[in-house]
Amino acid sequence: MYTVSRNLNEREGFGDLTWPFIRGALTLVGIRSRCYEIPVAGTKERKNYGRDLSAETEEQASMADGVALFEDHQIYIAEASLIHEPKQDKEFKDKFKVVRCMRDSWNCQIRSIARESVPSKDLSVFGSTSFEDETKFYAMDFIGTYRLREVGRMLVPLRKSHFATRMETCVKTCLKFALDLEEETIRRTHLVPTDQDLRAACDMIEQTRTTPTKEAKRRRVSGVFH
């Protein structure tokens with residue numbers, strides 16, 4: 001029986017088996033993408049908020065395995081693990097990381113957009129986690145609170161016997177996800193000029209000043225995702 005090698009590292013597994021489906025769909029709708037160790041701009045902004053960079057060391061951004069771009073904004077962030085025998089807690093750590101990066105990106109982008117335009121009331125950012133052969137896709141917006149929802153999932157083919165059925169599902173899932181991102185880019189191209197009151201309100205969005213400790217992360221992951 002033909003199977004995918006068990007010796008693939010994280011980058012090989014994601015880049016050879018998962019990312020081609022995602023990037024291919026994004027390319028079809030005209031959305032630019034990048035992969036492998038991409039700095040998350042929103043997280044870097046959060047980490048350095050209020051810091052005097054002339055006197056303090058600049059904090060570095062979290063790194064994503066893949067992103068999709070609209071203008072200068074990272075509207076989609078991907079995180080991946082090994083496709084064979086990853087550490088079991090990495091699934092929850094990756095989801096925590098992606099959701100935190102999505103929130104940082106939403107905050108960063110709402111401030112940027114509000115400098116010139118009135119943001120869409122359903123402004124969204126997107127993300128995904130890939131663990132073993134499964135990829136889950138997410139969308140996040142803000143309606144009084146941050147709202148995270150799963151918008152799709154797929155299983156990449158690892159065996160010859162799975163190839164036909166799983167490939168079809170992957171293509172359809174990624175095309176639907178790409179269309180969701182395309183709708184978001186369309187909304188962002190039809191914005192009206194902003195005013196000073198809205199800009200001031202966006203500046204009041206609370207920043208997270210410090211990164212939680214590992215123990216705090218474990219408690220939050222357990223409470224939110226289990």
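The values are calculated or read from the model by the stated rules, or taken from the named source; none is laboratory data. These figures come from a predicted structure and were not determined experimentally. Virtual Cβ from ideal backbone geometry, glycine too; neighbours counted across all protein chains shown. In case anyone asks, the SASA skips ligands and DNA or RNA and just uses the protein heavy atoms, side chains included. Shrake-Rupley method; radii C 1.70, N 1.55, O 1.52, S 1.80 Å.
Shape of region 32-157 from its Cα gyration tensor (a ≥ b ≥ c, root eigenvalues): rounded if a/c is under 1.5, otherwise prolate when a/b > b/c, or oblate?
Details: a/c = 2.05, a/b = 1.37, b/c = 1.50.
Oblate, since a/c reaches 1.5 and b/c is not below a/b.
Solvent-accessible surface of region 1-65, taken per residue with a 1.4 Å probe and all protein chains present: 60 Å². Heavy-atom surface analysis with a 1.4 Å probe gives region 17-156 a carbon and sulfur content of 49 percent of its accessible area. Dipole check for region 61-176: with +1 at the C-beta of Lys and Arg, -1 at the C-beta of Asp and Glu, and the Cα centre as origin, the magnitude is about 240 Debye.
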